[in-house]
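Engineer: Mind looking over this structure? Questions follow.
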Number of protein chains: 2
Amino acid sequence: MATLALERLGAHVRQTRLLGSIHGILYWDQNTLMPSAGAAWRGEQLALLARQLHERQSSDAYAELLAAAEAELPPAGSSDPWQRNLALLRQELERQRQLDPALVAALALAQARGYALWQEARSQADFSRFAPALGELITLRKEQARQLASVEHGQGGSPRSCWETLAQPFEPEISKARLAALFAPLRQRLPTLIERYGRSPAPASGGGHAGWDPTGLALPDPVQQQLCRQLLQEWGFDASCAVLACSPHPFSTTLGPSDFRITSRVVPGQPFSAFLATAHEWGHSLYEQGLPRHDHQWFAWPLGEATSMGVHESQSLFWECRVGRSEAFARRWQPRFRQALAESAAGAWDDPDQFWRALNPRRPGAIRVESDELSYCLHIVLRFDLELALLEGDLPVEELPAEWNRLMVELLGVRPADAAEGCLQDVHWSEGLFGYFPSYALGHLIAAQLAEAMERETGPIEARLATGEDAVLRDWLRVHVHPLGRSVTGEALVERVCGAPLDPTAFLSYLETKLDRLAAGDP
Amino acid sequence: MATLALERLGAHVRQTRLLGSIHGILYWDQNTLMPSAGAAWRGEQLALLARQLHERQSSDAYAELLAAAEAELPPAGSSDPWQRNLALLRQELERQRQLDPALVAALALAQARGYALWQEARSQADFSRFAPALGELITLRKEQARQLASVEHGQGGSPRSCWETLAQPFEPEISKARLAALFAPLRQRLPTLIERYGRSPAPASGGGHAGWDPTGLALPDPVQQQLCRQLLQEWGFDASCAVLACSPHPFSTTLGPSDFRITSRVVPGQPFSAFLATAHEWGHSLYEQGLPRHDHQWFAWPLGEATSMGVHESQSLFWECRVGRSEAFARRWQPRFRQALAESAAGAWDDPDQFWRALNPRRPGAIRVESDELSYCLHIVLRFDLELALLEGDLPVEELPAEWNRLMVELLGVRPADAAEGCLQDVHWSEGLFGYFPSYALGHLIAAQLAEAMERETGPIEARLATGEDAVLRDWLRVHVHPLGRSVTGEALVERVCGAPLDPTAFLSYLETKLDRLAAGDP
C-alpha cells in the first residue's frame, strides 16, 4: 500500500524542523559562548543552513508533496486542524518560492556580519561602525519585500507595504492601519501619564523614605544569579528539559520538543534587571513548553508553533510585569533580596513598600529593556515610526541617531547620552529584524486583557500572589492560552479567551490604577 | 575560462567541513549544556547531519570532482602537498563509499542513545542499563569493519583486522602487531616499577611530612576554577578565539578556524584534577591552534588536520605531565594554591616538596583519567586487550565488568568498587569509539621522545619552567610539531623531529628517573 502523502509530508516537515533547530543551536551558541573570532565561520555555517532550509521549504518536490497532501484531505471547514496545518504550510511555501536563494544566502551573511559589527559599535558607542551593515540589511530586506509582493495581501486583497510584509512572520495579518489605531490611544495618553506620574521622587541618599533609589546599590553578580535561580526553582524550572545561561541580550529559544533555553544577564547598577529579565524569558519559555506538541511529530507542524510574537510577548510580560512588578510579589521577594545582601549594604532594602516602588521606578529612561510599564510602549512607538521612515520613508541611515534622539525627547522627554544608549541599544536591527518591535507593545495590551479574563475566573491576581499560588496563574494560562498554538491568530485568541477584540483600554486602565497606588505613597 | 577542478573541489571540501563543524557544535552543546530530555531530538539532529556528511563524502558527484582534480595535478612525488591532500581525500572517499548509508544513520542514533544510557548507567553504577546499547554498538562497528574490508590494507597489502580497521581514523597505519611490540616493554616493566615505587607513603593526617594526602582536603569549586583560569591566562589563553566550559568528561574541540573550545570539571576530593585536566585539554587545543591553517580555505583540507590521536595526546600529555606534574612547575604553583585556600585548611599546603609529591601520587587507582604516569599506560593495555576480546575474541558484553575487574587486579593490583569505577568510567565506548585508547599510551611515548629532542635544543625543561619560560617550550612545539599537520604520519613525525623511530625507551627512562627522585624524598 502506498504511503499517504500526508505521512510523507510529515517526514518532510519533521526534517525541516530538525534543520531549523540545528540553526537554533548555532544561534544559541553564538549568543552565549562563541568567541568573537568565531563569527566569520559561524556566519558561513548559518548561511549554509539557511540555504538548505530555503531549499527544503521551496523545492518542487516539497510543493508536489504538499499538493498531494492537500488533495488527500476531504473538503472541510477551515476549522479542521489538518486543513489549517496545510493552509499555513501553503502560505509559507508560496512565500519561500518567491525568494531568490541568492538573497536568502546574502541575508544570512549580512545578519552574521551585522550582529558582529553591532556588538563592536555598541561597545564603542560608535554608530558609524554599524551604519554600513544596517544600510545593507535595509537594502536586502526591501528586496525581500519586493520579491514577496505578489503573494502578500491584506484584508480585501489589498497589497501589503514593505514594512507590513516584513512584519508578517512576527505578527500574521498585521497592518499599519491596525497598529496606528491601536497605538493612537497610547501616543495620546502615555505622555500625559508620564507628565502626571513620571517623576517619581528623586533618590535620597542612604535609603531615605520613598526617594530611595536602588540603582546606587550594588547587588553582586553571584547574588543576582542565585536569586534568578531561586525564582525559576519556585516557578517549576526543570533542569532535565530547561537551561539558564548568560548572553549580552536576554532571549528564550526552543531547541527541541524537550529542550528549552533561556538567558539572562546582570547589568551593573541595575539590581532588578537580571531578575525581571529571567521572569520575562521564563514567561516565553512557559508558553513554548505549553504549546500543543503531544510528541516529536507534532512539534514539526505549524499548529505546534506560537501564533504571534504579540501573544509570545504577552506571556513574558505577564510574568515580568503583572507578576514580577506587582506589590504582592514584591512583598514576598523583598525579604529574600534583603537576606541575600551583605549586611553593610542591606539597610536600604528593609522596607517592602520601598522595594515595590524600586521595582516600578516611573522615571522614563533611554533604555527600552530597562523601562517600566509607564513608558515602555512609547519606546515601541518610536521604533515603529523609525522603521517606517527607514523602509518606506526617506530617512537616510546616517541620520538615524539624530532622529532617534529627537523622537526620544519628543515622546519620552529623555536624551540618550550616546548611540549605545540610543539607536544601538537593541539587537533586532543588527540582524535585520524589522517589524518585530510592535509585538512588544501588543504584548502589553494582550497581557492586560488576558489578566482581566483570568481575574474574572481566579479572582485578583495579587491575592493569588500574596499566598504564593503563582501556579494557579500559570495553570490558567496553560489551559486557556498555551494549547491554542497557531489554531487561531493573535487577535482571534484575544477574542476567544477574553470575549472582546484586542484594544488598549485594559492596559491603560490597569496602568492608571497602578500608578495611582504608587503615587499615593509619594512623599 | 572553466574553473579548475581543484577549486571546485576546494569549495566542496569547505562545505563538508562547514557541516562537520556544525556537527561539532551539536556535540559540544550536548556535552556541556543540553538538558537530558533533549537527547532524543539531538540524536535525530546528529543522525541527519551524519547522513548529509556521508552523502557529501561518498557521492558520485564528489568522486568525479576528485578524479578531475587528480587528473589536473602534474605527476609528482608524494611529497607534494597537493598530491598528499588528494591522496588523503581519495583514501577517505574509498572508505565512505563502502559504507551503507543506513549503517551510518544507525550508528549515529546508536551513539546518541549509547551516550544517554551510559550517563544513566554510570550515575547508578549499573552496567546492565548500558549493556544492550554497548552490544548494539559493537554489532554495528563489526558491520562497519566488514563493509570497509575491501579497502583496508596494512603494510604489504595484508588485510586489516576488525579492530585495526576501526582504529585507522585515530591512528592511521597502526597495526596490532606494531602495538604489541610497543606495549611489550610497558607490560613487562610497569608492573615492576609499581612494585618498587607504587606504594607512596600512606597519608598522614594533618599534613605530616611526605605522607600528606591531598585528597582529604577540599579545594572549593570556585577556587579550582579560578586556578584553572589563571593557568590558561599564563599560557596565553585568548578569549577572543577560545572558550573554557564544564562537562562531565573533559574534552577539546575545534569548531571553526578561529574557534577553540576546551572543557574541564571539578572532581570532589581531587584538588588537582580540574587543574591537570585543563592543562591536558589546553595542550590539545594548542596543537589545533598551531596546525597549518593559514586561512579558512586551508582549514578544510586534510593537511590542515591533526595527523593522529597519538600525536594529539602527546601534546596534551606534554602539558599535563611533563609540565604540570614537574617539580619546577609545582614549586611555582604551590604558593598560588596555598594562597587560594582558606586559612583554616591551608596548613598542609605549605611545603612545595609535598605539593609536588601530591601531584604525583604513585598509588595505582581504578580511574584512568585520575591516574598518574606510573600506571597510566597499564590502563590502556587493559582497554586494548578488552577491545580485542569484545570485537575479535569471544568476550560476551555481559562479562565485561568481571573481566575488566580481573585484569585490573592482574595488571594494576586494584579492584574497582563498582562498575562506575570500572568499565563504565570512560565515555569512549558509549559512543562506539573502539581503537582510540592506544593513542593515549602512544601519546606518552611520543611526548617523552619529543621532550628529549626539545631538551637537546632548549636545555632542560625544568630549568625553563623554573624561570617561567613556559613559552619557550610552547614555541618549540609550534615550530617543530604543530605545523606538520597531516603531511607526515605520527610515526614519521617522530622520526623526523626526534631522529629515531617511535619507541618506549625514552618514556620508561624518563619515568624511572622521576620515580627515583620522588622516592628519594620518601620517609
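Throughout, read-outs are computed from the coordinates displayed, never taken from laboratory work. Quick caveat, the model's predicted, so the values are computed rather than measured. In this analysis, Cβ positions are derived from the backbone assuming ideal geometry, glycine residues included, and neighbour counts consider all displayed protein chains.
Engineer: Report the antiparallel proportion of the DSSP beta bridges in the protein assembly as shown as a percent, rounded to a multiple of 5.
Structural biologist: 55
Engineer: Count the DSSP beta bridges whose two residues both fall in chain A, then state the antiparallel fraction as a percent rounded to the nearest 5.
Structural biologist: On the way: 6 of 11 bridges.
In chain A, DSSP labels about 55 percent of beta bridges as antiparallel.
Engineer: Go through B:386-394, A:272-280 and give me the packing order, highest mean Cβ count within 10 Å leading.
Structural biologist: On the way: B:386-394: 17.1, A:272-280: 24.6.
Those peptides, ordered most packed to least, come out A:272-280, B:386-394.
Engineer: Identify, among B:Gln15, B:Ile367, A:Leu88, the residue whose Cα sits farthest towards the positive end of the charge dipole of the protein assembly as shown, taking +1 on the Cβ of Lys and Arg and -1 on the Cβ of Asp and Glu, with the dipole about the Cα centre.
Structural biologist: Result: B:Ile367, furthest along the dipole toward the positive end.
Engineer: Here is a further query. Grab the other residues whose beta carbon is less than 12 angstrom from that of A:Ser308, score K and R as +1, D and E as -1, and report the net. If you can, show how the numbers build up before the last one.
Structural biologist: Details: positive: A:Arg486; negative: A:Glu171, A:Glu173, A:Glu305, A:Glu313, A:Glu491.
Result for the local shell: -4.
Engineer: Hey, got the dipole for chain B? About the Cα centre, +1 on K and R Cβ, -1 on D and E Cβ, debye to the nearest 20? Don't skip to the end; give the middle numbers.
Structural biologist: Numbers: 48 positive and 65 negative charges, 53 e Å.
The dipole magnitude comes to about 260 debye.
Engineer: 7 Å along Cα→Cβ for the label point: how many nanometres lie between B:Gly269 and each equivalent label in the other copies, listed shortest first?
Structural biologist: Shortest to longest, the spacings are 4.9 nm.
Engineer: Would you mind putting B:20-26, B:509-515 in packing order, based on average other-beta-carbon counts within 10 Å, highest first?
Structural biologist: Values: B:20-26: 21.6, B:509-515: 17.0.
For the peptides B:20-26, B:509-515, the packing ranking is B:20-26, B:509-515.
Engineer: List, shortest first and in nm to one decimal, how far the label point of B:Asp418 (7 Å from Cα along Cα→Cβ) is from its counterparts in the other copies.
Structural biologist: Ordered by distance, the counterparts are at 5.6 nm.
Engineer: While we're here: Starting from the 7 Å offset along Cα-to-Cβ, what nm value, one decimal, do you get for the label separation of A:Glu94 and A:Asp80?
Structural biologist: Distance between label points: 1.9 nm.
Engineer: Still on this structure, I have one more. Give me the inter-chain shielding for B:38-47: mean count of other chain Cβ atoms within 10 Å, whole number please. Present the calculation step by step, with values, prior to reporting the outcome.
Structural biologist: On the way: counts 13, 3, 5, 10, 8, 1, 7, 8, 2, 1.
That works out to 6 on average.
Engineer: Of A:Ala61, A:Val311, A:Thr513, which is farthest towards the positive pole of chain A's charge dipole, taken about the Cα centre with +1 and -1 on the beta-carbons of Lys, Arg and Asp, Glu respectively?
Structural biologist: A:Thr513
Engineer: How much mean residue ellipticity at 222 nm does chain B get from its helices, if each DSSP H run of length 4 or more adds -39500 (n - 2.57) and you divide by all residues, to the nearest 500 deg cm²/dmol?
Structural biologist: Details: 22 runs with 311 residues, N = 523.
Here the helix-only value at 222 nm equals -19000 deg cm²/dmol.
Engineer: Moving on to the next point. Counting pairwise Cα distances across chain A, what percent come out greater than 34 angstrom?
Structural biologist: Values: 51121 of 136503 pairs.
Distances greater than 34 Å cover 37 percent of the Cα pairs.
Engineer: Taking each residue of A:26-33 in turn, how many C-beta atoms of other protein chains fall within 10 Å of its C-beta, and what is the average?
Structural biologist: If you average over the peptide's residues, the count of other-chain Cβ atoms is 4.
Engineer: If the cut-off is a Cα-Cα distance under 17 Å, which aspartates and glutamates reach B:Lys176, setting aside same-chain residues fewer than 8 apart in sequence?
Structural biologist: Result set, ordered by chain and number: B:Glu152, B:Glu164, B:Asp385, B:Glu387, B:Glu392, B:Glu491, B:Asp503.
Engineer: Considering every residue in B:5-17, what mean count of other chain Cβ atoms within 10 Å of its Cβ is obtained?
Structural biologist: On the way: counts 0, 0, 0, 0, 0, 0, 0, 0, 0, 2, 3, 0, 3.
Counting other chains' Cβ atoms within 10 Å and averaging over B:5-17 gives 1.
Engineer: Please state the relative contact order of region A:1-94 as a whole percent: Cα pairs under 8 Å, 6+ residues apart? Provide the component values of the computation, followed by the final result.
Structural biologist: Details: 46 pairs, mean separation 35.9, N = 94.
Reported relative contact order: 38 percent.
Engineer: Give me the net charge for the shell around A:Cys246: Cβ to Cβ below 10 angstrom, other residues only, Lys and Arg +1, Asp and Glu -1. Before the final figure, lay out each step's value.
Structural biologist: Details: positive: A:Arg265; negative: A:Asp221.
Net local charge, A:Cys246 excluded: 0.
Engineer: Pairs of Cα atoms under 8 Å, at least six residues apart: use those to get the relative contact order of chain B, whole percent.
Structural biologist: Details: 735 pairs, mean separation 98.6, N = 523.
Rounded, it is 19 percent for chain B.
Engineer: Another one. Which one of B:Leu231, B:Gln425, B:Pro191 has its Cα pushed farthest toward the positive end of the charge dipole of chain B, where Lys and Arg give +1 and Asp and Glu give -1 at the Cβ?
Structural biologist: B:Leu231
Engineer: Would you mind checking the radius of gyration and Dmax of the protein assembly as shown based on alpha-carbon positions, in Å?
Structural biologist: Rg and Dmax of the protein assembly as shown, Cα atoms, are 31.7, 95 Å.
Engineer: What list of ³J(HN,Hα) values in whole Hz, one per residue of region B:31-37 in order, does the Karplus curve 6.51 cos²θ - 1.76 cosθ + 1.60 (θ = phi - 60°) give from phi, with Gly and Pro shown as x?
Structural biologist: In residue order, the calculated couplings are 8, 10, 10, 3, x, 4, 5 Hz.
Engineer: Give me a comma-separated list of calculated 3J(HN,Hα) values for region A:122-131, in order, Karplus coefficients 6.51, -1.76, 1.60 applied at θ = phi - 60°, integers in Hz, x for any Gly or Pro.
Structural biologist: 5, 5, 9, 6, 10, 4, 4, 6, 9, 3
Engineer: Dipole magnitude of region B:5-151 about its Cα centre, charges +1 at Lys/Arg Cβ and -1 at Asp/Glu Cβ only, in debye to the nearest 20? Please list the in-between numbers first.
Structural biologist: Numbers: 16 positive and 16 negative charges, 66 e Å.
So the magnitude is around 320 debye.
Engineer: If you put +1 on each Lys and Arg Cβ and -1 on each Asp and Glu Cβ, how big is the dipole of region B:105-209 around its Cα centre, in Debye rounded to 20?
Structural biologist: Working: 13 positive and 9 negative charges, 62 e Å.
For region B:105-209, the charge dipole is close to 300 debye.
Engineer: Please report how far the C-alpha centroid of region B:1-43 lies from that of region A:405-484, rounded to the nearest whole angstrom.
Structural biologist: 37
Engineer: Sort A:329-341, A:483-495 by the packing proxy (mean of other Cβ within 10 Å over each peptide's residues), most packed first. Please report the intermediate quantities before stating the final value.
Structural biologist: Working: A:329-341: 17.5, A:483-495: 20.0.
Order by mean packing, descending: A:483-495, A:329-341.
Engineer: Under the Karplus relation 6.51 cos²θ - 1.76 cosθ + 1.60, θ = phi - 60°, what is the ordered set of whole-Hz ³J(HN,Hα) values for region B:479-485, x standing for Gly and Pro?
Structural biologist: Values, residue by residue: 7, 9, 10, 4, x, 6, x Hz.
Engineer: Just to compare against my own numbers: the Cα pair-distance distribution for region A:5-145, 10 Å bins, whole % per bin, please.
Structural biologist: 11, 32, 29, 18, 8, 2
Engineer: What is the set of long-range amide H partners of A:Ala242 at a cut-off below 5 Å, with H atoms built 1.01 Å from backbone N?
Structural biologist: HN-HN under 5 Å from A:Ala242: A:Phe260.
Engineer: I need the inter-copy label distances for B:Arg229: point set 7 Å along Cα to C-beta, values in nm with one decimal, smallest first.
Structural biologist: B:Arg229 label point versus its equivalents elsewhere: 1.6 nm.
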